[in-house]
Structures are given as structure tokens and as C-alpha cells.
Amino acid sequence: MAEGLTLPPTETVPLAEALERVVASDTVADRDYPPFNRSTRDGYAVVASDVADPPVTLDVIGETRAGEASQFRIEPGQTVQIMTGAPGPEGADSVVMQEYAERDGDRVTLDRGVASGKNLIFRGSETRRGEVVLSAGAVLGYPEVALLGSVGCAEVEVHGRPEVAILSTGDEVLPIDATPEPYQIRNSNAYSLAAQVRRAGGEPRILPIAPDTQERTRELIEQGLEADLLLLSGGASVGKYDYVASALRDLGAEFFLTGVAIQPGKPLVFAKVGGKPVFGLPGNPISTMVTFELFARVAVDLLAGRKASRMVFSGARLAKDFKHKPALTRFLPATLTGDYGDVTVDPVQWQGSGDLVALARADCFLVATPDRESWKAGEWISILPR
């Protein structure tokens with residue numbers, strides 16, 4: 001899919017506004033980290049061999065606090081009182097914690113030994129000056145933001161957010177502020193897709209609804225192809241009035257998928273038109289959501305410059321026995337209960353892939369694979385967080 005894709009231009013943003021953006025270039029360390037031998041405890045900096053046979057009494061030659069340079073070099077039989085985050089004195093290779101020290105003037109008795117390197121992080125042990133600390137394609141979460149701040153990046157070059165056009169199809173679909181007849185539905189898919197696109201790092205653009213005519217469907221698809229990615233909702237199956245596939249063929253589409261062995265979401269289309277990726281997603285709301293997460297989100301990731309998709313499957317124990325028809329991989333709304341180490345999953349009662357009320361009650365999808373028909377209560381089964 002990545003071959004031939006044109007990514008949006010990069011931009012430079014303040015670090016404070018860079019959360020969830022994708023780094024466009026490698027970032028290197030501006031100095032060694034830590035830049036000095038840093039104490040991780042309040043205590044006494046020592047040579048480990050001096051305290052190999054405690055209790056040991058040493059001469060205290062000074063004190064170093066965090067935020068000041070060390071002025072000392074210790075010789076055998078000497079120590080420096082040191083605070084957490086302070087630089088260790090020359091000659092020290094470890095720190096004995098304050099809890100094991102009894103001070104008496106300029107001497108201290110340490111009643112516990114310590115291994116060399118304990119409680120002292122040595123200069124450059126995290127990274128060296130000039131080494132890459134964050135690679136292009138990384139997504140900026142709060143740890144990455146902190147890392148960039150620590151190496152002095154007040155601004156960061158990021159990939160532009162891909163524009164994703166969203167086109168819902170069908171005469172039965174109305175704007176969400178319309179009053180529908182009993183046989184009509186509101187265009188909720190466009191808004192759920194827009195939310196998923198934003199969460200994936202894209203910029204959604206909702207197009208007018210395409211009626212069930214070949215000409216208008218093609219016109220709106222052409223408008224959608226001005227974006228970096230086009231998502232169509234509905235009209236991708238083989239019904240008499242489903243015009244998406246034929247309109248795409250008229251525009252010279254190269255098809256890669258025309259169906260997948262999952263439920264909900266089987267009638268999925270993936271194609272490229274003039275190098276632009278296009279997904280024809282099923283029209284039922286839960287089918288639309290599932291197929292976006294499983295397939296279309298990968299395209300958003302690639303266009304956003306990410307190294308890989310962020311979709312993560314997990315697992316939980318079943319709350320009760322479960323059966324399904326093993327021809328397809330099924331993604332069923334479910335709820336998680338319990339605490340850490342004892343989490344169970346239970347399918348939600350639903351009326352099929354149009355049941356948004358059931359999905360709103362769920363917090364994950366139970367994933368039933370096609371290789372088996374049933375699971376017993378207490379068995380592990382895969383889940384996909386919602």
C-alpha cells in the first residue's frame with residue numbers, strides 16, 4: 001500500500017503543540033545523558049570496595065546537592081554526602097542510601113555495603129552525544145515530548161496530517177439534522193469515520209451524500225480524490241443500486257480487495273485511483289467502524305508518516321461459554337469486567353452490525369477466529385479495544 005503514496009508536506013510546530021504528531025526527522029542527543037554521574041538516592045557516595053565489609057566508618061569531605069557541580073574527589077576511606085539528582089564526586093562508583101548511615105560530625109558509619117554501580121547512573125549510560133534518541137516516524141506521546149524537551153527541542157518537524165475525504169452513499173441516507181421517514185437513516189457513519197480519522201491523526205473532510213446514481217456518485221468520488229485518502233461508506237456490495245465499484249472502474253481504479261472474510265465488514269473494497277488510496281467500506285455502522293480500524297487506519301498511518309499501525313490486540317478470559325459459526329473471523333461488541341490480573345470479557349447482546357446502541361454499551365470487540373467453533377468460560381480469547 002505504501003508504494004507510490006505521496007505524503008503531505010512536513011511542518012514545524014512548537015513542542016507544546018506536538019502531542020500525537022509524527023516526527024519527520026531523526027532527533028539526536030545534544031550531549032551525553034546523563035551529562036554527569038547522577039545519584040539516584042540521598043546518601044553517601046563511596047568506593048564500593050571501601051564498604052565491602054560493613055560496618056565501615058568513613059571521613060565525610062563535603063556535600064553535593066542537585067543543581068550544583070561536584071567539587072570533590074574521594075580517596076580510599078573518604079565519602080561525600082550526596083542528594084538525589086546530584087553529580088557524584090570523582091572516584092566514587094556507588095552510593096550507600098541515607099537509611100544505612102549514622103553521621104557523627106565529619107565521620108559517618110555505614111552499616112550496609114553496596115555493589116559497584118549501585119544507586120549511581122554513569123555519564124552517557126542512557127545515550128551519547130550525537131546518537132539518535134527518537135527516529136523519524138515515531139508518534140509523539142507524552143514520554144516522547146519529555147524526551148525532546150530534555151534534548152532542547154523547543155520546536156519539532158512533523159509530518160502534515162493527511163486529508164481524508166469521507167463520502168456516504170445511498171438514497172436512504174440523510175444529513176444528521178434532517179427528520180427521516182421510517183425507511184431513512186441519518187448520516188452517522190460520516191461522523192463516526194471523522195472521529196476515527198482524527199484519532200488516527202488525519203484531517204477529515206465530509207462530502208455531500210451521494211445518491212444512488214452513477215453520475216453523481218462518480219462526481220463526488222472525483223471530489224474525494226482531491227484529498228490524500230478517500231473513504232466511502234455504503235454502496236460497495238453488489239446490489240442493483242450500489243454504484244461505488246462501477247464508478248471507481250470508470251475512473252480507472254486498480255482493485256486490490258473486493259471482500260474480506262470477517263463479520264461484520266465482509267463487503268470491503270480497496271483500490272487506488274491515480275495513486276490515491278480508496279476504501280469502499282460497508283454501510284452498516286459497526287461494519288464501517290470495524291473495517292476502518294482493521295484496514296483503512298493503516299493507510300492513514302502511512303500517509304501520516306508513521307512507522308507502523310498502532311492497532312493492538314489483547315486478550316481476556318471469557319465470562320461464559322461462547323459459540324459462533326467458524327467460517328469467518330467475527331468482531332463482536334463486548335464488555336470487560338474485573339480488576340488487573342482477573343479481567344473477563346462478555347459479549348453484548350446485539351441485533352447485528354447496525355446496532356449502535358449495543359456498541360455504545362461495549363468497550364471492546366471480542367475476536368472469534370475461524371479455526372474453532374466454541375470456547376468455554378474461563379478460556380482466553382482475543383479482544384480488540386474499541
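The values are calculated or read from the model by the stated rules, or taken from the named source; none is laboratory data. It should be emphasised that the depicted structure is a prediction, and the values quoted were computed from it without experimental measurement. Positions of Cβ are backbone-derived with ideal geometry, glycine not excepted, and every protein chain shown enters the neighbour counts.
The table that follows gives values for the structure above.
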{"quantity": "Residue that is nearest to Phe72 (Cα to Cα), among those in the stretch 103-114 that are in contact with a Ser or Thr (Cβ under 6 Å, 6 or more places away or on another chain) and assigned to a strand (DSSP E or B)", "calculated": "Arg107"}
{"quantity": "Strands (runs of 3 or more DSSP E) wholly inside the stretch 1-102 containing at least 1 residues that are over 30 Å from Glu203 (Cα atoms)", "calculated": "43-46, 56-64, 78-82, 94-97"}
{"quantity": "Complete set of residues in the stretch 195-233 that are modelled with pLDDT under 95, over 27 Å from the mean Cα position of the chain (by Cα) and assigned to a loop (DSSP other than H, G, I, E, B)", "calculated": "Pro211, Asp212, Thr213"}
{"quantity": "Members of the stretch 110-156 that are among the polar types (S, T, N, Q) and either on the phi > 0 side of the Ramachandran plot or touching a Leu at 6+ places or on another chain (Cβ under 8 Å) (or both)", "calculated": "Asn119"}
{"quantity": "Candidates Pro267, Pro204 - the one that is closer than 30 Å to Glu17 by Cα and in contact with a strand residue (DSSP E or B) (Cβ under 9 Å, 6 or more places away or on another chain)", "calculated": "Pro204"}
{"quantity": "Exclusive hit being within 30 Å of Pro211 (Cα to Cα) and surrounded by fewer than 19 Cβ atoms within 10 Å (Cβ to Cβ), set Gly315, Gly275", "calculated": "Gly275"}
{"quantity": "Residue match in the stretch 174-182 (condition: in contact with a helix residue (DSSP H, G or I) (Cβ under 7 Å, 6 or more places away or on another chain) and either among the β-branched types (Val, Ile, Thr) or touching a residue at least 24 places away in the same chain (Cβ under 8 Å) (or both))", "calculated": "yes"}
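Residue-by-condition table, conditions (1) surrounded by 13 or more Cβ atoms within 10 Å (Cβ to Cβ); (2) assigned by TED's automatic domain parsing to the domain that holds Gly201; (3) among the hydrophobic types (A, V, I, L, M, F, W, C); (4) within 21 Å of Gly91 (Cα to Cα):
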| position | (1), (2), (3), (4) |
| --- | --- |
| Glu102 | no, no, no, no |
| Leu110 | yes, no, yes, yes |
| Gly113 | yes, no, no, yes |
| Gly117 | yes, no, no, yes |
| Val133 | yes, no, yes, no |
| Leu140 | yes, no, yes, no |
| Ala146 | no, no, yes, no |
| Ser150 | yes, no, no, no |
| Cys153 | yes, no, yes, no |
